[in-house]
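Only one structure is covered here, and it is reproduced in the block below.
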Amino acid sequence: MKLVSDLMIRNVLTHQADDTLQDVEQTMATHSIRHIPVLDESGIVVGLLSQKEFLAEAFRITDKFGAHNLRNYLAKTSVRQCMKNDIQTVRPDLDLAEAGRLLRSKRHGCLLVADEQERLLGIVSSQDFVRLAIELLEQRPAG
């Protein structure tokens with residue numbers, strides 16, 4: 001049986017709630033990622049900011065203040081203002097098939113993996129499941 005810990009990415013880039021959207025934009029662009037877990041000072045998961053929330057806020061700013069002011073407002077807007085904070089974490093020993101069903105049913109782009117104290121251990125994204133599916137399909141004999 002495969003577990004979440006077998007697929008999760010362990011070296012996760014994170015931000016804190018008081019960081020700015022400009023900080024997050026740079027992290028996402030530099031590392032080509034779409035999901036940023038938000039942690040408190042103790043490493044406890046307090047939220048998630050995905051590219052979806054980031055873009056929604058950027059469009060809202062552009063709509064309200066104009067595209068020429070976007071950079072200024074991204075630098076002044078905290079992650080706290082647009083992160084999801086009603087997220088569910090999963091444990092590393094969760095069956096991978098169950099995690100896949102959860103990812104699909106909740107229609108999230110990722111699952112944050114945490115311990116019992118809600119300290120971040122890793123992340124599993126829909127892209128990780130696609131990568132796994134490709135690996136498994138490539139192992140099958142042609143026929």
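Coordinate-derived values only; no laboratory data. Keep in mind it's a predicted model, so treat the numbers as computed, not measured. Virtual Cβ from ideal backbone geometry, glycine too; neighbours counted across all protein chains shown.
Restricting attention to segment 1-33, the residues that are in a loop (DSSP other than H, G, I, E, B), more than 17 Å from Ala99 (Cβ to Cβ) and touching a residue at least 60 places away in the same chain (Cβ under 8 Å) add up to 5. There is at least one residue in segment 111-128 that is within 18 Å of Arg10 (Cα to Cα), in contact with a Gly (Cβ under 9 Å, 6 or more places away or on another chain) and assigned to a helix (DSSP H, G or I).
Can you confirm whether Ile36 is free of Cβ contacts under 8 Å to residues at least 60 places away in the same chain and among the hydrophobic types (A, V, I, L, M, F, W, C)? Spelling it out, Ile36 is indeed free of Cβ contacts under 8 Å to residues at least 60 places away in the same chain and among the hydrophobic types (A, V, I, L, M, F, W, C). Taken over segment 40-82, the residue count meeting the criterion of being of a type in the set (Ser, Thr, Tyr) and under 16 Å from the mean Cα position of the chain (by Cα) is 1. Output the residue which, of all residues in segment 92-130 that are over 15 Å from the mean Cα position of the chain (by Cα) and of a type in the set (S, T, N, Q), is nearest to Ser50 (Cα to Cα). Here the answer is Ser105.
Annotation: of all residues in segment 29-39 being surrounded by fewer than 22 Cβ atoms within 10 Å (Cβ to Cβ) and β-branched (Val, Ile, Thr), the one that is farthest from the chain's Cα centre (by Cα) is Thr30. Taken over segment 87-112, the criterion of being without any contact (Cβ under 8 Å) to a residue 40 or more places away in the chain and among the charged types (D, E, K, R) is satisfied by Glu98, Arg101, Arg104, Lys106, Arg107. The number of residues in segment 37-63 being within 17 Å of Gln22 (Cβ to Cβ), in a helix (DSSP H, G or I) and of a type outside the set (Ser, Thr, Tyr) comes to 10.
Being closer than 22 Å to Val24 by Cα and surrounded by fewer than 12 Cβ atoms within 10 Å (Cβ to Cβ) holds for only one residue in Gly66, Gly109, and it is Gly66.
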